[in-house]
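Laboratory data are not the source of any read-out in this text; all were calculated from the coordinates shown. Owing to the predicted nature of the structure, the values given are computational and were not obtained by experimental measurement. Quick reminder, even Gly has a Cβ in these numbers, built from the backbone with ideal geometry, and neighbours come from all protein chains shown.
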Amino acid sequence: MVSTRRKARAIALQAMYEIDAVSRKPEAVMERLLAESGLSEDNCEFVRRLVSGAVRHREEIDRRIQKFAPAYPVDQLALVDRNILRLAIYEILFDNSVPVKVAVNEAVELAKIFGSESSYRFVNGVLGAVCGLAQRKEPN
């Protein structure tokens, strides 16, 4: 059974995909998807926080993706992979409401479900590099 947090992350990914693919307003996309989701208010707020934060920090997040995956221009990444990375990097570097390992695991699982055959390996590799940087910045 899929956890409700994973379902919330999947809805956040759907929202990010739609925002990225067709340049729709984030608030309108989120509210439409959440109205159809059946999620609790707590999980709806989680989706809103993830999407809003990833959108707000998109430029910085995209710079991180480019830094750790220089062979793959961000604008040429598969939409699914790019937006899974955006959500996970937001969770790892800005949100800090879940352990880093949970954010990485959830991103890898989303990549297995929604991405191509090799997406999960790519996502795991980029997030591993991002986490290495994040851990070096943490005080001992």
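For the chain, the longest principal axis of the alpha carbon atoms and the long axis of helix 58-68 meet at an angle near 40°. In a simple Cβ point-charge model (Lys, Arg +1; Asp, Glu -1; nothing else charged), the chain has a dipole of about 320 debye relative to its Cα centre. Taking 7 Å steps out from each Cα toward its Cβ at residue 32 and residue 79 produces label points 1.2 nm apart.
Per residue of the chain, the DSSP helices (runs of n ≥ 4 H) give a summed -39500 (n - 2.57) that works out to -23500 deg cm²/dmol at 222 nm. Overall, the range 60-129 carries a charge dipole of about 180 debye about its Cα centre when +1 sits on the Cβ of Lys and Arg and -1 on the Cβ of Asp and Glu, all other atoms neutral.
Which GluC sites (Glu not before Pro) in the range 51-140 pass both tests, a DSSP loop state and at most 11 other beta-carbon atoms within 10 Å? Listed in order of number, the matching sites are 117. For the Cα atoms of the chain, what angle does the longest principal axis make with the long axis of helix 79-90, in degrees from 0 to 90, nearest 10? It is inclined by approximately 80 degrees.
By the beta-carbon count within 10 Å of each Cβ, the least crowded to most crowded order of 89, 84, 113, fewest first, is 113, 89, 84. Relative to the longest principal axis of the Cα atoms of the chain, the long axis of helix 100-114 makes an angle of roughly 70 degrees.
Since only 119, 46, 131 are under comparison, the one whose Cα sits farthest along the positive direction of the charge dipole of the chain, derived from C-beta charges on Lys, Arg, Asp and Glu, is 131.
Tally Lys/Arg at +1 and Asp/Glu at -1 over every other residue whose Cβ is under 15 Å from the Cβ of residue 74; what's the total? Let's see the in-between values first.
On the way: positive: 58, 63, 64, 67, 82, 86; negative: 20, 59, 60, 62, 75, 81.
Here the count lands on 0.
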